[in-house]
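What follows draws every value from the coordinates through simple rules; no lab data is involved. As the structure is a prediction and not an experimental result, all values here were calculated from the model. Note that each Cβ is placed from the backbone with ideal geometry, even for glycine, and that neighbours are counted across all protein chains shown.
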Amino acid sequence: MTLRIDTRPLDAPSQQLQPLDLTTATVPELVRAAQQGDRLAFGELAERYEGMVRSVALRRLGDWAEAQELCQEVMIKAMRRIDQLNEPAAFGGWLRSITVRMAINRQVRRRPDLATEPDALSAICAEASTPLDAVLAGERASQVHDGLDRLGEMDRSTLVAFYLRGESLAEISQECGAPIGTIKRRLHVARKRLADELGALQAV
């Protein structure tokens, strides 16, 4: 899918606008397009950086569901404030700083702000997690790792880089020396193969 943006100076002669291919566009090009109000360009940025945002949020919050929720909130805030970014090439660092600030704010909000007697507190607060929850979470994590081990090297390295190390699509593309569109296809295929492996493990 392509879009067209007018990057000509105001006094430039009239000419055909150059198409911008979202899958091969650089981050600065996408940022400038998003700053002009193009939602597709921002959607491409969000897709490239969601792994990094989720990874930072997960390290800060320690909870997958919260990290996923925060990831969505970060992207919404970034979309609303994209016009405040003066240096398009700094988008990754800017997005990371937003994620860290919002994660800290979420941590502060969830702390109890009223001092309570220990006996009263134990009477009204249910335990957040039980030993059974921990066992189940451990089993799920073990199954994911087993599933990853059963994948080919390319599938496994792509998933690990994006979801566990929090690298963006742009960073993986640079490391692998492959176009971003190719990395996106690899990630899509690898996710499907991992899901198939996890289904097979659960059926055993």
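Taking the Cβ-Cβ separation of residue 26 and residue 200 as r and a Förster radius of 45 Å, what is the calculated FRET efficiency to the nearest 0.05?
0.65
How much length is gained if the chain between residue 59 and residue 153 is pulled fully straight, taking 0.36 nm per residue apart and subtracting their Cα-Cα distance, in nm to one decimal?
Roughly 31.3 nm would be gained on extension.
Taking 0.36 nm per residue of separation and subtracting the Cα-Cα distance, what length does fully extending residue 146 through residue 174 add?
7.3 nm
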